[in-house]
Structures are given as structure tokens and as C-alpha cells.
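Peer 1: First the structure, then my questions, so here it is.
The values are calculated or read from the model by the stated rules, or taken from the named source; none is laboratory data. Remember, predicted model here, so these are calculated numbers, not experimental data. Ideal geometry is used to build each Cβ from the backbone, glycine not excepted, and the neighbour counts take in all protein chains shown. Just so you know, the surface numbers come from the protein's heavy atoms only, side chains and all, with ligands and any DNA or RNA stripped out. Shrake-Rupley method; radii C 1.70, N 1.55, O 1.52, S 1.80 Å.
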Amino acid sequence: MKKDIYIADDKILSDVLNKPQLNKDDIVYLLSLKDDKDISELFRKADSVRKEFCGDEVHLRGIIEFSNYCEADCVYCGLRKGNKQLDRYRMSVEEIIETAKHIHSAGIKTVVLQSGEDFYYRKEDITRIIKSIKDNCDVAITLSLGERSFEEYDEWKSAGADRYLLKHETANEKLYSALHSHQKLEERLAHLKYLKSIGFQVGSGNIIGLPGQTIEDIADDILLCKEIDCDMCSFSPFIPSKDTPLRKISKADLEFTLKTMAVARIVLKNTHIPSTTALGSLVENGREKGLEVGANVVMPNYTPNPYRQNYKIYEGKICISDDPLACAGCLRLKIEGMGRKVSEEKGHSLKRIKR
Ligand code: SAM
Ligand code: SF4
Ligand code: FES
């Protein structure tokens, strides 16, 4: 029926959605869709690709934000070294291990250890944490500690860490350099490549809504994740943080963020895609919206009080005043309320089924 077919720039939406591989031109076209009916069709397609390649299970990753000290100065982030207004904290090795045990007792099978780039924790400290968690809990461990040395990555992999999350943030080299005074995109990609080569399941992804970023850049972000062959990719909205140089930049657009996640799902197929805390902070029920357009992972926050309110990456972060043990239960209710199932498994990469 002709009236159901939307034609723009020589493309027919249903044809593009059914192509086995999308090129940059197709991705830009999908990200540029404006008509509500077309956008709904894009979302439906993403949801069906998610169902076909990832199933109905949603994986919970319990996150411990164990230090908000950071040696880096990423201009978008509230934890940047240059932010002198933030009350800084570090959890002790013992506190981190105890918190991981809470995550395990709640039936969550992945512990994410996240911090700023904080070299106070030496290679040996992180190794001790990994070994102790692995000895006491049957969980997968994801590290998200920023850029560290290749030697450290080797040791942490041998100690039992399973995954490393290090977003490329933007595939636009010039924009990357403008946002990171001491780092280059090339180096970030070399880290991701190395992490993958030594057997880590690797997570990357972008921030949507950075100043000067174009739709073409977002298409490049999605294609870069495909090229790296990421096991997990996070596409999260920019939210300004008040004590950073980007404090006056508007937060990302919800619909564009959802379109990006949907297109990423269609392109990346069996890659894990989280519905991020940033999306939940952008708008009420944001994480549920993300789960409807291709996401299959959520990350309940287990950072204990009084620390969690000071992991202020951006303004209005959700869950900072909640009971640290409440998030997982809250997310389970939301997921089941949507007719989806909480996974009982570790939720390893769908690209390497048995590890
Ligand atoms: N320091 C580690 C790193 O950079 O990989 C891990 C912690 S860092 C806070 C985790 C992620 O927060 C970054 O990869 C970045 O994408 C995201 N982030 C930082 N500032 C943000 C902002 N203002 N809005 C949305 N996401 C932000
Ligand atoms: Fe530090 Fe990570 Fe924030 Fe950059 S994004 S300032 S590395 S915590
Ligand atoms: Fe934190 Fe709902 S997810 S309270």
C-alpha cells in the first residue's frame, strides 16, 4: 500500500530496515527520520532485532563506583580533575569486596568496578580486589577504570577479570582532542584493541549531544563499534555537569538518543546494549524507553552511602539518594512489568557464547 511507504532522498524506509548491512548513508538517513510513524517503525524493527539476536532477557550489572578521584580532565565530566567543587571519596579495598558480596547475594551475576582514572589504586590493589571477588562470588567482573597500562590489563585479565568498559566517546578525532586535553582517539582505540587481543570482552560507545557533534559523527560512532567488534556498546545522552566547561550546553535530545540506540541495535545485532543511567536521568522512565528500542542491559547502582551522591558525573543523576540495595529490586519490577525477564546468567558476550 503506497501510503504506508515513506520516500525521502531516494530511500524507502522498509527497504533500508530490511537490508542485511547498513552503510553510513543508510544510518544517517535513519537517524534523520522525523515523521512519528517512521520513527515508530524504526523502533519496532530495533525491538524485533533485539528479540531475534538477544532474546527477551535483560542482564543486570551491579555497579560499584568506588572512587570519584580522576587524573583525567574530560571537559564533559563532573569527576574531571579540574573540578575543585566536588567532594572526593575513595572506598577501601575491603569495602569494595564487601559491596561485591552484596551484589552477589542479590542474585546479580556481574559486578562492575568503576572509578575515575585513579592511580591511587595500584595494579596490586585491583588484582587483590578481583581475586577476592572471584574466590568468594560466582560473578563476572567488568572493569571500568579508564586508560591504564597494558601491563596492568594483562595482570587483571590473568587475575580473573572478564570485561573492560572504555568508551571511545566520539569517533570524530578533532572533537575527541577538543574534549580531552591529554588524550587522543588513536590511543583510546589502541587500548580497546589491546584489551580485546588479550581476551577481555570489550565495551565501548559514545556520548550523544556533545557540542559540535553531527549526525554523521553518530553514524561513525555506530560503525566504529562494529569495526572494533565490541561485545557491549553504550550510547548515552550528554547531560551537563554544573562545574565543568560544558555546563551551559543543553542536554541531549531524548528522541535522537532513542533513534541512535535503535539504529545501533539494527547494525550491531548481537552486541549487548545498555539502557543507561544517563538515559534514566534524562527523563522519567528513560531506561524503560531504552529497553523498548533495542537495549538488553541495565546497571543497578550498588555504590554505598555516603559515597553515591558524590559520584556526580552530571546533574540530576537518578538513584543517588536511594537505599543502595533498592535499585536492583526496583529495576526487576520495571523489567518484569514490561513483560521481559531478568537473566539469571552472567550474560557474557553473545559473540563468544561459551567461555
Ligand atoms: N573514568 C572511566 C572512564 O572514563 O572510562 C569510568 C568512569 S566515567 C564517569 C564513565 C562514563 O561516563 C564515560 O565513559 C562517559 O561516557 C560518561 N560521562 C561522563 N560525563 C558525562 C556527561 N556529562 N553526560 C553523559 N555521560 C557522561
Ligand atoms: Fe575521569 Fe572518566 Fe570522567 Fe574522564 S569520563 S573525567 S576519565 S571519570
Ligand atoms: Fe535506583 Fe529505581 S533503579 S531506585
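Peer 1: Given only helices, namely DSSP H runs of n ≥ 4 each adding -39500 (n - 2.57), what is the per-residue ellipticity at 222 nm of the chain, to the nearest 500 deg cm²/dmol?
Peer 2: Rounded to the nearest 500, it is -12000 deg cm²/dmol.
Peer 1: Report relative contact order for the stretch 1-113 in percent, whole number only (criteria: Cα-Cα under 8 Å, sequence separation at least 6).
Peer 2: 21 percent
Peer 1: Let me ask something additional. Rounded to the nearest 20 debye, what is the charge dipole size of the chain about its Cα centre when +1 sits on each Lys and Arg Cβ and -1 on each Asp and Glu Cβ?
Peer 2: 320 debye
Peer 1: Could you work out the relative contact order of the chain, using alpha carbon pairs under 8 angstrom and six or more residues apart, expressed as a whole percent?
Peer 2: Relative CO of the chain lands at 23 percent.
Peer 1: Sticking with this structure for a sec: Taking H placed 1.01 Å from N in the peptide plane, check which residues at least 5 places from Ser234 or on another chain put their amide H under 5 Å from its amide H.
Peer 2: Here Ser204, Gly205, Asn206 satisfy the definition.
Peer 1: Work out from phi, with θ = phi - 60° and the Karplus expression 6.51 cos²θ - 1.76 cosθ + 1.60, the ³J(HN,Hα) of each residue of the stretch 20-27, listed in order in whole Hz, and give x for Gly and Pro.
Peer 2: x, 10, 9, 8, 4, 4, 5, 5
Peer 1: Out of the total accessible area of the stretch 36-111 (probe 1.4 Å, heavy atoms of protein only), what percent is carbon and sulfur?
Peer 2: Carbon and sulfur together cover 47 percent of it.
Peer 1: To continue, here is another question. At 7 Å along Cα-to-Cβ for each site, give me the label-to-label distance between Gln21 and Asn305 in nm.
Peer 2: Between Gln21 and Asn305, the label points sit 5.3 nm apart.
Peer 1: Next question, about the same structure. Which distance in nm do the two modelled labels at Glu151 and Asn285 give, with both placed 7 Å along the Cα-to-Cβ direction?
Peer 2: Spacing of the two 7 Å Cα→Cβ label points: 5.3 nm.
Peer 1: Counting GluC sites (Glu not before Pro) as exposed when in a DSSP loop with at most 13 other beta carbons within 10 Å, what is the longest stretch of the chain free of them?
Peer 2: 1-283
Peer 1: Given a 10 angstrom Cα cut-off, can you work out which residue in Gly205, Gly290, Gly339 is the most mobile in a GNM of the chain?
Peer 2: Top of the fluctuation ranking is Gly339.
Peer 1: If contacts are Cα pairs under 8 angstrom and at least 6 residues apart, what is the relative contact order of the stretch 197-353 in percent?
Peer 2: Relative contact order, the stretch 197-353: 21 percent.
Peer 1: Please find the FRET efficiency linking Glu186 to Arg247, where r is the Cβ-Cβ separation and R0 is fixed at 22 Å, and quote it to the nearest 0.05.
Peer 2: Rounded to the nearest 0.05, the efficiency is 0.15.
Peer 1: What do you get for the angle between helix 150-159 and the principal long axis of the chain? Use alpha-carbon atoms, 0 to 90 degrees, nearest ten.
Peer 2: The helix 150-159 is inclined about 80 degrees to the chain.
Peer 1: Something else now. Can you list the residues, at least 5 places off or on another chain, whose amide H is less than 5 Å from the amide H of Thr110, using H built in the peptide plane?
Peer 2: Gly62, Ala140
Peer 1: Let me ask another. Summarise the accessible area of the stretch 221-302 (1.4 Å probe, protein heavy atoms) by the percent that is carbon and sulfur.
Peer 2: Its accessible area is 48 percent carbon and sulfur atoms.
Peer 1: In sequence order, what are the phi-derived ³J(HN,Hα) couplings for the stretch 188-202 according to the Karplus relation 6.51 cos²θ - 1.76 cosθ + 1.60 with θ = phi - 60°, rounded to whole Hz, with x for glycine and proline?
Peer 2: 4, 5, 5, 5, 4, 5, 5, 4, 5, 5, 9, x, 5, 6, 10
Peer 1: May I pose another question? Tell me, what ³J(HN,Hα) does each residue in the stretch 293-298 have, in order and in whole Hz, if you take phi through Karplus 6.51 cos²θ - 1.76 cosθ + 1.60 with θ = phi - 60° and put x for Gly and Pro?
Peer 2: Karplus-based 3J(HN,Hα) across the stretch 293-298 equals 10, x, 6, 9, 9, 9 Hz.
Peer 1: Residue separation times 0.36 nm, minus the C-alpha to C-alpha distance between Arg352 and Glu173: what's the value?
Peer 2: 61.4 nm
Peer 1: Same structure again: When ligands, DNA and RNA are left out and all protein chains stay put, how many square angstrom of accessible area per residue does the chain have with a 1.4 Å probe?
Peer 2: Value for the chain: 43 Å² per residue.
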